[in-house]
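The values are calculated or read from the model by the stated rules, or taken from the named source; none is laboratory data. Predicted, not measured: the structure shown is a model, and the values here were computed from it. Note that we place each Cβ from the backbone using ideal geometry, even for glycine, and neighbour counts take in every protein chain shown. Accessible surface areas use protein heavy atoms only, side chains included; no ligands, DNA or RNA. Shrake-Rupley method; radii C 1.70, N 1.55, O 1.52, S 1.80 Å.
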Amino acid sequence: IIDVLVGYLLVGERREQAIAFALDVTERKQVERQKDEFLGVVSHELRTPVTSLKVFVQTVQKRLKKSGDDENAELLGKMGAQIDRLARLIAELIDITKLETGKLQLSALQFDLSSLIDEVIEEMQRTTTHHSIRKEGILSISAWGDRDRIGQVLINLLSNAIKYSPLADSICVKMEADSEQVTVSVQDFGLGIPQEQQEQIFQRFYRVEEKDRETISGLGLGLYIAAEIIKRHGGKIWFKSTPGEGSTFFFSLPLQRYPSLMEEMEGA
Ligand code: ADP
C-alpha cells in the first residue's frame, strides 16, 4: 500500500510504471499469503486422519501379535512406518507455514542435551535395520532452548544421514563443548553432497538433483527448518561433505540462555 502511495506521488511515465510495479508486488504478496494459508489449512486437515490411522494400525498390530500372527503383524509394522513418514512430511508443511507467518513459537527451558540425543538415537535406530548409530564425546551437558524443537533438528539430521547413506552402515553422533557453547555433529559415510550444490542445500524446497538419489524421497524442507530453529536459538548450523565419502552436519548452541529466545516466548 505504501508502495502504491509512493507511486501516486511520482509524475509522468515513471508514475505509471511505479504504480504498476507496486500493484504487481502487492498482488504477488497477496497470492503468497493465500498460498501459505492454503498450505496451512490443508496440512492441518491431513494431520488428524493420519494420526488416527496410526492408532488403528498399532491396535490391530498388537492384536495380531497376541494371536501369534507375526507375519501380518510385521506387515502392519511396515504400514506404521509409512504412516510415520507421511506424518513427518505433513509436520514439515505445517512448520513451513508457521515459519512463513511468524507463528513458530519456541519455549526456553534448561534440558539435558545428552539424554535428548540418547532418546533420538534410540528412536531413529528403530527406523533402520542396516545402520548402526553410535554416540561419542562428553557424557552430560545441559542446554537452553526448546527441547522438542532441538530434538526435531536431530531427527532431521539423523534421518538424512540414514536416507543418504544407503550403502554405508555407520553413523556417528558426537557432542563437544567449551565454556560458551556445545556443538553436536552427525557424521555419515554416504553419498555426500556435490560441491557445486553445497551452497543451496539449506534453501527452502531445495533438493540435490543427482542420479544416485533419484529414488530417495523428500520435500527439501528438513534442513531449512533445522537451520531456522537453530538460528532462533542463537546457534549455528553448517556441514562438511565430500562426494562419495560422506557428510558431517554440525550445530552449535550457546550454553547461556539466548535473550531473544525469551523475548520470543514472552511475546508469543
Ligand atoms: P530432503 O531430504 O527432504 O530432500 P533436506 O532439506 O533435508 O531435504 O535436504 C536437502 C538436500 O540436501 C537433500 O535433497 C539431499 O540431497 C542433501 N542432503 C542432506 N543431508 C544429506 C546427507 N547427510 N548426505 C547427502 N546429502 C544430503
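Values computed for the structure shown
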| read-out | value |
| --- | --- |
| Scope the stretch 145-166; condition within 16 Å of the ligand (Cβ to nearest atom), in contact (Cβ under 8 Å) with a residue 60 or more places away in the chain and of a type in the set (D, E, K, R); matching residues | Arg149 |
| Filter result for Leu139 (touching a residue at least 24 places away in the same chain (Cβ under 8 Å) and on the phi < 0 side of the Ramachandran plot) | yes |
| Residue in the stretch 61-118 that is nearest to Gly234 (Cα to Cα), counting only those that are β-branched (Val, Ile, Thr) and within 16 Å of the ligand (Cβ to nearest atom) | Ile96 |
| Test: residue in the stretch 212-231 that is among the basic types (Lys, Arg), free of Cβ contacts under 8 Å to residues at least 60 places away in the same chain and more than 17 Å from Leu116 (Cβ to Cβ) | yes |
| Residue match in the stretch 224-243 (condition: among the polar types (S, T, N, Q), modelled with pLDDT of 95 or more and assigned to a helix (DSSP H, G or I)) | no |
| Test: residue in the stretch 221-240 that is under 16 Å from Ser185 (Cβ atoms) and touching a Cys at 6+ places or on another chain (Cβ under 9 Å) | no |
| Residue match in the stretch 238-245 (condition: under 18 Å from the mean Cα position of the chain (by Cα), within 25 Å of Asp95 (Cα to Cα), open to solvent by 20 Å² or more (accessible area, probe 1.4 Å) and within 9 Å of the ligand (Cβ to nearest atom)) | yes |
| Residue among Ser179, Ser142 that is modelled with pLDDT under 95, touching a helix residue (DSSP H, G or I) at 6+ places or on another chain (Cβ under 7 Å), more than 9 Å from the ligand (Cβ to nearest atom) and over 16 Å from Phe249 (Cβ atoms) | Ser142 |
| Residue tally, condition of a type outside the set (Gly, Ala, Ser) and either within 10 Å of the ligand (Cβ to nearest atom) or open to solvent by less than 10 Å² (accessible area, probe 1.4 Å) (or both), over the stretch 226-237 | 3 |
| Residue in the stretch 167-182 that is in contact (Cβ under 8 Å) with a residue 60 or more places away in the chain, of a type outside the set (Phe, Trp, Tyr) and surrounded by 20 or more Cβ atoms within 10 Å (Cβ to Cβ) present | yes |
| Those residues of the stretch 130-160 which are among the small types (Gly, Ala, Ser) and more than 21 Å from the chain's Cα centre (by Cα), in sequence order | Ser132, Gly137, Ser140, Ser142 |
| Condition check for Ser217: in a loop (DSSP other than H, G, I, E, B), crowded, with 20+ Cβ neighbours inside 10 Å and either among the small types (Gly, Ala, Ser) or within 9 Å of the ligand (Cβ to nearest atom) (or both) | no |
| Subset of the stretch 246-260 [surrounded by 21 or more Cβ atoms within 10 Å (Cβ to Cβ) and either small (Gly, Ala, Ser) or assigned to a helix (DSSP H, G or I) (or both)] | Gly246, Ser247, Ser252 |
| Residue within the stretch 183-201 that is within 16 Å of the ligand (Cβ to nearest atom), among the acidic types (Asp, Glu) and touching a His at 6+ places or on another chain (Cβ under 9 Å) present | yes |
| Some residue of the stretch 185-198 being crowded, with 17+ Cβ neighbours inside 10 Å and of a type in the set (Asp, Glu) | yes |
